[in-house]
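This report refers to the structure that appears directly beneath it.
The values are calculated or read from the model by the stated rules, or taken from the named source; none is laboratory data. Treat the numbers as computed from the prediction; the structure is a model and nothing was measured. Ideal geometry is used to build each Cβ from the backbone, glycine not excepted, and the neighbour counts take in all protein chains shown.
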Amino acid sequence: MKIDRLIGILSILLQRDTVTAPYLAEHFEVSRRTINRDIENLCKAGIPIVTRQGAGGGISIMADYRMDRKLLTTREMQDILAGLRSLDSINGTNRYGQLMEKISAGSSNFLSGGQSVLIDLSSWYKDALAPRIELIRNAIDNCLELDFLYYGPSGESTRTIEPYYLIFRWSSWYVWGWCRKREDFRLFKLNRMDALKITDNTFSKRPVPLPDLHSEQIFPGGIRVKALFDAKCKWRLVEDFGTECFTVQADGRLLFHADYTHKENLVTWLLTFRDQVELLEPVEIREELREALTNTLKIYEE
């Protein structure tokens, strides 16, 4: 992309005294004529670029234009690289990493292993998510509506939305868009989508409120949970709720207190501990859990 190349050229010029057109042409894999046009465009944008002919000549930025040649510090470039590589982890490509390496040419050696932050946004559903993410990005870029079948707690429904944002939160991917059916903005989880396709219908962008992604908005809570866990479960409680969620009892068991968000999710979560947990409160959910376990036992007895 042209804008990527312009940013890359500017970064190189800010980090080096002088470069030549052949060097830039080879680095960005374009012709010298293309590089010359890029330099002209940078000049039109107000960047004071100087070109010198002959031995020792080349392309540079006027010395008085800056005091610090570095567009970004090493730490800042490391952070950008970590972010770009995280995008590569979504679809298994190295597209963004290659872009960053071109932009960072001539800078410090942070690309040789000095970075300390590695972000991987891929998931178990990478093969299914990657094409969906690319499709949704195309729809957002071209202002095209999306159709899909959505699986929600209340059942299945066909939706048409105007997509505006792709969001990674709570270890999952979502799309934020205007839902034709609800006539309002809604958040849709990509893993619950099926038969996703871009339509031929374009839309005019409307004022878009940013989604309120605070956990208490999406997961309102309201269920006060009290349970006794076997001491072997401590690591899972710490991982899910932190070290303040339980107190150690005299017999070594862990008395757990927390707010939970959804009854079905709570029951499912408790069942993953099998016989290493006893739900004490709420009493009504304890009774539902007892009935469910009794019915499950009948299935296995039969």
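Exactly one residue out of R206, R236, R186 is over 19 Å from the mean Cα position of the chain (by Cα) and outside any helix (DSSP H, G or I), and it is R206. For first residues located in the range 225-243 and under 17 Å from Y260 (Cβ atoms), partners that are small (G, A, S) and lie 6+ apart or on another chain with Cβ distances below 7 Å form the pairs V225/A258; F241/A258. Here D230 does not qualify as closer than 30 Å to I167 by Cβ and either of a type in the set (D, E) or surrounded by 15 or more Cβ atoms within 10 Å (Cβ to Cβ) (or both). If I filter the range 221-229 for residues that are modelled with pLDDT under 85 and farther than 14 Å from F273 by Cα, do I get at least one hit? Yes: one or more hits. If the condition is being part of a strand (DSSP E or B), free of Cβ contacts under 8 Å to residues at least 40 places away in the same chain and of a type outside the set (D, E, K, R), then the range 244-302 contributes F246, T247, V248, L254, L255, F256, H257, A258, Y260. One residue stands out among those in the range 1-38 that are of a type in the set (K, R) and under 32 Å from the mean Cα position of the chain (by Cα): the one that is farthest from A63 (Cα to Cα), which is K2.
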